[in-house]
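Colleague: Pasting a structure here, questions to come.
The values are calculated or read from the model by the stated rules, or taken from the named source; none is laboratory data. Not measured: the values here are computed from a predicted model. Using ideal geometry, Cβ is built from the backbone for each residue, glycine included, and neighbour counts are taken over all protein chains shown.
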Amino acid sequence: MAVYHGPKCRQCRREGTKLMLKGERCNSEKCAVDRRPFPPGMRTSKRRRAATEYNTQLREKQKIRRIYGILERQFSLYFETASKSSGVTGEALLQLLETRLDNIVYRLGFAPSRSSARQLVLHNHFTVNGKKVNIPSYRVKGNDIIQVRPKSEKLELIHSSLKAMKEIPDWLTVDKVKLTGQVVRIPDRASIPVNVQEQLVVELYSR
């Protein structure tokens, strides 16, 4: 599976905002966006380029891709699926991304970041409705139950992440003792805690 293996902080600096790619580290004094609030790379000026309409739309698409850790082709497929839905395309796109299994694992607090959640899923640490699932992009549905497998219940990463978890979205529930979580409902836009302007992505693909 193709994934980005470069420096995560570089992606945040490129977008000029915290994408929370390293979990709580992004809220600490070590955050690269706070320490070096300018784009990465060699240049004579540390100023950002003047934003054109196209560039603004492109940057918003890149921001969403990087938040969820997916590559260009996969993102295009998600957008194509969202555009064929009966609802608002931008909201449908975010719903598809939010209901990926790796994102659900992260939202439930079983992993400190989406990249960590992806690794945990790939290594067979979770079940969905009692069945082993090791596909990060697996689409979770309403009322599905996600559970840590018995052999993985003592993983320190999972327990430390749960301890550090502050809150979860209102469309999810979690039992920290049984190490289970449930998707109560498919989230609407107001319940998706990502600071993006998805309509700009719709405009970009409509050019």
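Colleague: Does Val177 satisfy the condition of being without any contact (Cβ under 8 Å) to a residue 12 or more places away in the chain and either of a type in the set (A, V, I, L, M) or touching a Phe, Trp or Tyr at 6+ places or on another chain (Cβ under 9 Å) (or both)?
Modeller: Numbers: without any contact (Cβ under 8 Å) to a residue 12 or more places away in the chain: yes; either of a type in the set (A, V, I, L, M) or touching a Phe, Trp or Tyr at 6+ places or on another chain (Cβ under 9 Å) (or both): yes.
Against the criterion (without any contact (Cβ under 8 Å) to a residue 12 or more places away in the chain and either of a type in the set (A, V, I, L, M) or touching a Phe, Trp or Tyr at 6+ places or on another chain (Cβ under 9 Å) (or both)), Val177 qualifies.
Colleague: Quick test for you: out of Val88, Val105, Val128, pick the one residue that is among the β-branched types (Val, Ile, Thr) and not assigned by TED's automatic domain parsing to the domain that holds Asp175.
Modeller: Only one candidate qualifies: Val88.
Colleague: Can you tell me which residue in segment 173-191 is surrounded by the fewest Cβ atoms within 10 Å (Cβ to Cβ), limited to those that are over 30 Å from Pro150 (Cα atoms) and not basic (Lys, Arg)?
Modeller: First, the residues of segment 173-191 that are over 30 Å from Pro150 (Cα atoms): 188-191.
Checking which are not basic (Lys, Arg) leaves us with 188, 190-191.
Working: Asp188: 13, Ala190: 8, Ser191: 14.
Among those that are over 30 Å from Pro150 (Cα atoms) and not basic (Lys, Arg), it is Ala190.
Colleague: Within segment 119-169, can you find the residues that are within 13 Å of Tyr106 (Cβ to Cβ), in a helix (DSSP H, G or I) and hydrophobic (A, V, I, L, M, F, W, C)?
Modeller: Leu120, Val121, Leu157, Ile158, Leu162, Ala164
For every residue, the table says whether it meets (1) of a type in the set (A, V, I, L, M, F, W, C); (2) modelled with pLDDT under 95.
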| residue | (1), (2) |
| --- | --- |
| Leu157 | yes, no |
| Leu162 | yes, no |
| Ile168 | yes, yes |
| Leu172 | yes, no |
| Val177 | yes, no |
| Thr180 | no, no |
| Val184 | yes, no |
| Pro187 | no, no |
| Val194 | yes, yes |
